[in-house]
1. Step by step: first the residues of the range 1-25, then only those that are within 25 Å of residue 73 (Cα to Cα) and open to solvent by less than 90 Å² (accessible area, probe 1.4 Å), then the one that is modelled with the lowest pLDDT. Which residue is that?
2. If you take the residues in the range 29-51 that are touching a strand residue (DSSP E or B) at 6+ places or on another chain (Cβ under 6 Å) and open to solvent by 80 Å² or more (accessible area, probe 1.4 Å), which one is farthest from residue 70 (Cα to Cα)?
3. Just need a number here: residues in the range 43-66 that are hydrophobic (A, V, I, L, M, F, W, C), part of a helix (DSSP H, G or I), under 12 Å from residue 32 (Cβ atoms) and without any contact (Cβ under 8 Å) to a residue 24 or more places away in the chain.
4. Could you go through the range 18-26 and let me know if any residue there is basic (Lys, Arg) and part of a helix (DSSP H, G or I).
5. Name the one entry in 34, 65 that is more than 30 Å from residue 7 (Cβ to Cβ) and not basic (Lys, Arg).
6. Of everything in the range 55-77, what is open to solvent by less than 90 Å² (accessible area, probe 1.4 Å), among the charged types (D, E, K, R) and modelled with pLDDT of 95 or more? Give them in sequence order.
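The values are calculated or read from the model by the stated rules, or taken from the named source; none is laboratory data. If you're wondering where the values come from, they're calculated on a predicted model, not measured in any experiment. Don't worry about glycine lacking a Cβ; one is built from the backbone with ideal geometry, like all the others, and counts go over all protein chains shown. Just so you know, the surface numbers come from the protein's heavy atoms only, side chains and all, with ligands and any DNA or RNA stripped out. Shrake-Rupley method; radii C 1.70, N 1.55, O 1.52, S 1.80 Å.
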Amino acid sequence: MKCDICGKEGMRSHKVARTYGKGKDILVIENIPVATCPHCGESYLEAETLHEIERIKVHKKSFAVERRVPVADFSIA
């Protein structure tokens with residue numbers, strides 16, 4: 001696959017987790033595919049991935065499973 005930024009071949013895909021919202025409305029989406037270029041270092045989400053993230057956010061009640069997670073506050077660490 002060719003990088004949209006530098007135009008060189010060799011894009012790599014890896015999975016990340018991202019958070020959206022805050023407080024009671026926070027949503028964590030895991031296993032989001034991110035394209036990363038080993039040549040220029042740019043990372044980006046494909047348009048199809050962004051559309052799927054928006055769909056998940058709109059219908060989060062049918063996709064999300066509640067889990068308890070520890071939260072640390074950087075300002076008091």
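1. My answer is 23.
2. For the range 29-51, the residue satisfying everything is 31.
3. Of the residues in that region, 1 qualify.
4. Checked the range 18-26: at least one residue is basic (Lys, Arg) and part of a helix (DSSP H, G or I).
5. Of the residues listed, the single one that is more than 30 Å from residue 7 (Cβ to Cβ) and not basic (Lys, Arg) is 65.
6. 57
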